[in-house]
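Heads up: the structure comes next, in structure tokens.
Here, each number is a calculation from the coordinates, and none is a lab measurement. Since this is a predicted model, take the numbers as computed values, not measurements. Heads up, the Cβs are rebuilt from the backbone with ideal geometry, glycines too, and the neighbour counts pull from every protein chain shown.
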């Protein structure tokens, strides 16, 4: 379906994670312009702005064209740029805490903002009319529709996101990602892709006729807050360093590796948990606002008929 289009760009956006060093041997901490990342970032922004402008020129109105959705998409796009291109990306190769901050930006800021921006309906309007018809026909086919419905089922999306977090933070897999750029790209693609699925079940599926989805969304957010907080606590309270590959680069910048790991765990534990909690409150407030008000019969008027 059209809903699957953003997930096709995830592997390329997540590519480009390899430590480089300057002439002195210190880690490089400048901007990182991985060609595929830059191309995909520019392409997605161009598609969204073109589609949005075309719909405005046609006089289209609707929920998807509200300006706050445009602002949400731009905010998500800027967050992706900060996480994957700015000096934070280079710093994440040297410090575990910066690496965790990068992950949290991808999963807790970029992903929900992109979902709220509803790029799916906007992207397609950037294409010519014939291409739009072909895309629409393809998205109605069972071979795309059925897998998408399965992937965006609340329980499935929750399990995929939880599995990505816990598996990739296991020392063996995390160390493999640090050692090989291809595996690192897969790690970040897993984080971003599974987060997009999870946040779609929270902000992408809910309509006035889907009150039960609000309950699923609140449950998903609460349980995700609990298990990610547990992972963050384990990293924070661990007596030793989980990832030896981070030690050399951390020491090169003058930081203690264990304290750096503890800071990374705290980033996942406290700000990360707070983000899920705030999102849960937003869903709860929206759910309560949509509940029909109970009808109270008016008192009889004296002398009335």
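Sort 260-268, 224-232, 76-84, 274-282 by packing, meaning the average of other beta carbons within 10 Å per residue, with the highest value first.
Result, highest mean Cβ count within 10 Å first: 260-268, 76-84, 224-232, 274-282.
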> Rounded to the nearest 0.05, what FRET efficiency do residue 127 and residue 183 have when you use their Cβ-Cβ distance and R0 = 35 Å?
Replying inline: 0.55
> Is the range 106-160 rounded, prolate or oblate when judged by the Cα gyration tensor, a ≥ b ≥ c being the square roots of its eigenvalues, rounded requiring a/c under 1.5 and prolate requiring a/b larger than b/c?
Replying inline: oblate
>> What distance in nm separates the two pseudo spin-label positions at residue 86 and residue 234, each 7 Å out from Cα along the beta-carbon direction?
In response: 3.0 nm
> How long is the gain from residue 137 to residue 36 if the chain were fully straight, where each residue apart is worth 0.36 nm and the alpha carbon distance is subtracted?
Replying inline: 33.5 nm
> Between residue 66 and residue 43, what is the spin-label point distance in nm, taking each point 7 Å from the Cα along the Cα→C-beta axis?
Replying inline: 3.1 nm
> By average Cβ neighbour count within 10 Å, what is the ranking of 40-46, 143-149 from highest down?
Replying inline: 40-46, 143-149
